[in-house]
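The values are calculated or read from the model by the stated rules, or taken from the named source; none is laboratory data. What you see is a predicted model, and the numbers here were worked out from it, not measured in a lab. Note that each Cβ is placed from the backbone with ideal geometry, even for glycine, and that neighbours are counted across all protein chains shown.
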Amino acid sequence: MVEAWFDVARYDLREFFEEQELDYDDEVVIRRELSPAGKSRAFVNDTPVNNAALRRLTEALVDLHQQFDVLDIHHVNFQLRMLDALADNGALLAEYQRGFRQYQTDRRQLSDLIARSENAGREMDFLKFQYEELQRAELIEGEQEALENELARLSNAEEIKRTYGAAYNFLAESEQNVVGQLQEISRSMSATRRVSGELGALSDRLDALVIDLQDIAKDCSRISENTEHDPVRIAEAQERLNVLYKLQKKHAVATVAALLEIQENLERQLGGFTDLGEQIAQLERRIAVQEQQLRGQARLLSERRKIVPKPFEEKVHALLTQLSMPHARLQVAIQATENLTPTGTDDVQFLFASNIGSRYLPIKDVASGGELSRLTLCTKSLVADAIPLPTLIFDEIDTGISGDVSLKMGLILRELSDRHQVISITHTPQIAARADKHYFAYKQVENDRTITHLRPLTQDERVRAIGVMLSGNPPSESALATARELIQG
């Protein structure tokens, strides 16, 4: 298990913790566990995280410089970050980036809405066609049932006329019509209705029957007289029903009420397309205002950045001269771009020329490993007060330099460590002597395995270790004296 504690108060990492759904605290504990089976797990404040999240976090906290690594001074983003730190652009840049994030979010939303609108154009045409087809049909709830009844009656008109005419004649018109005969019976029974209640009740029931039959006869007469075979009306009703049946089949429903509901839904959807167009217009207006504000902030950022390069280049040159690179030059190139970026409208690049007459080229294309190490140390020492650098680990950046240069490099590392945590892995005594603490790394064979150990040195052990660097093992008395002088100096 490897565990490390970090103070992250200055690193502005709240957004990362929120993105990863981690509880934020100014004190962060990062732990990596390796099992004997080879599996590993990572934790941030006791919450499991994946390797990608762990890598993003630790890159912000530990900066490892090795002789042949691609150092972050290569990266344009870091170069711009240093420039903004020296220009004291922190607050303005943070305000710009908040607006830029919203601007990017709104632009993505606008693109989505436009894409939806383009797709919706075809969809809207289809929905509009369906809606207008239903609207032209002028649907009326209950119409289908009425038409089906009417069509059935018209299709059987002759039989209905004949049957109901005959019924009327039998009930009320023939010589022996039923109504007339029942009326005779009713008159006969009425003479005896006072004899008893039973007879009176029968007489009342017969009178009611006569009245019902008279009404039935009238209805039969009306139906017979009003029923005519009408081919024109039959065709009209059938045609109208065909329209309704066709629409029902098309929309997979069985009633006019269901068609009316579909019509209402289509109307609502078409209204939604109108709302989409208004949303696009509103978003376009908002983005235009945002862009205008961002460009104003970007211009101010650029103006402040352009003040920094000359004094920064002069200071870097002075430090490089101390590190035996008197002819090396750094040039900060700032080019304006048209597009808004997360850092404004400037394209910033550090150019380097190591010798007199050399062309200025991007650092990654021209500087050697040793030159990069020294250039990195110089630039980061200059921005140490202005930027929250991570823990800096320098792995033998002193390779290939002389004793006097090593001494000056050790002094720069010492000054840098006053404001940041610096770890240097070195075989150079002038650098080792500048440290606050000295650890010794060594290997031992234990049970047929090679184990690497790391232990802090006492003051006397430290003098001896630096003496060994100066003269060999065992160190000479003069080497030990020089070691004490270096540590005290």
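Please tell me if residue 357 is on the phi > 0 side of the Ramachandran plot and surrounded by fewer than 14 Cβ atoms within 10 Å (Cβ to Cβ).
Details: on the phi > 0 side of the Ramachandran plot: yes; surrounded by fewer than 14 Cβ atoms within 10 Å (Cβ to Cβ): yes.
Taking the combined requirement at face value, the residue satisfies it.
So is residue 77 under 22 Å from residue 315 (Cα atoms) and at pLDDT 90 or above or not?
Spelling it out, it is not the case that residue 77 is under 22 Å from residue 315 (Cα atoms) and at pLDDT 90 or above.
Hey, does the range 256-263 have a residue that's in the same structural domain as residue 144 (by TED's automatic domain parsing), free of Cβ contacts under 8 Å to residues at least 40 places away in the same chain and closer than 19 Å to residue 136 by Cβ?
Yes.
Taking the stated definitions as given, is residue 252 out of contact with any Lys or Arg (no Cβ under 7 Å at 6 or more places or on another chain), without any contact (Cβ under 8 Å) to a residue 12 or more places away in the chain and on the phi > 0 side of the Ramachandran plot?
yes
Look through 286, 305 and report the one residue that is in contact (Cβ under 8 Å) with a residue 40 or more places away in the chain, more than 30 Å from residue 129 (Cα to Cα) and under 30 Å from the mean Cα position of the chain (by Cα).
Answer to the selection: 286.
Name the residue that is farthest from residue 88 (Cα to Cα), counting only residues in the range 379-408 that are part of a helix (DSSP H, G or I) and among the small types (Gly, Ala, Ser).
So in the range 379-408, the residues part of a helix (DSSP H, G or I) come out as 379-382, 403-408.
Restricting the remaining residues to those that are among the small types (Gly, Ala, Ser) gives 381, 403, 406.
Values: 381: 16, 403: 36, 406: 32 Å.
Checked the range 379-408; the qualifying residue farthest from residue 88 (Cα to Cα) is 403.
Contact list please: Cβ distance under 9 Å, first residue in the range 74-100 and without any contact (Cβ under 8 Å) to a residue 40 or more places away in the chain and buried (at least 17 other Cβ atoms within 10 Å of the Cβ), second residue assigned to a helix (DSSP H, G or I) and charged (D, E, K, R), pairs at least six apart or on different chains.
78/72
Look at the range 123-163 and say how many of its residues are acidic (Asp, Glu), assigned to a helix (DSSP H, G or I) and within 60 Å of the chain's Cα centre (by Cα).
Total satisfying the criteria: 7.
In this structure, is residue 203 surrounded by 16 or more Cβ atoms within 10 Å (Cβ to Cβ), over 60 Å from the mean Cα position of the chain (by Cα) and without any contact (Cβ under 8 Å) to a residue 24 or more places away in the chain?
When the stated conditions are applied, residue 203 passes them.
Here is a list: 365, 385. Which entry is within 28 Å of residue 418 (Cβ to Cβ) and loosely packed, with under 14 Cβ neighbours inside 10 Å?
385
Report, ordered by the first and then the second residue, all pairs with beta carbons closer than 8 Å, sequence separation of six or more or different chains, a first member in the range 142-157 that is closer than 20 Å to residue 259 by Cβ, and a second member that is outside any helix (DSSP H, G or I).
Pairs that qualify, where the first residue is closer than 20 Å to residue 259 by Cβ and the partner is outside any helix (DSSP H, G or I), are 144/255.
Could you check, for the range 355-371, whether at least one of its residues is under 35 Å from the mean Cα position of the chain (by Cα) and hydroxyl-bearing (Ser, Thr, Tyr)?
Scanning the range 355-371 turns up no residue that is under 35 Å from the mean Cα position of the chain (by Cα) and hydroxyl-bearing (Ser, Thr, Tyr).
Which of the residues spanning the range 409-436 are surrounded by fewer than 19 Cβ atoms within 10 Å (Cβ to Cβ) and either among the aromatic types (Phe, Trp, Tyr) or in a helix (DSSP H, G or I) (or both)?
411, 414, 415, 417
Check residue 464 against each of (1) in contact with a strand residue (DSSP E or B) (Cβ under 7 Å, 6 or more places away or on another chain); (2) surrounded by 14 or more Cβ atoms within 10 Å (Cβ to Cβ) and name the one condition it does not meet.
Residue 464 satisfies every listed condition except (1).
Among the residues of the range 332-388, count how many are in contact with a Pro (Cβ under 7 Å, 6 or more places away or on another chain) and within 25 Å of residue 414 (Cβ to Cβ).
0
From the list 458, 428, 452, which one is within 30 Å of residue 8 (Cβ to Cβ) and among the hydroxyl-bearing types (Ser, Thr, Tyr)?
Just one listed residue meets the conditions, 452.
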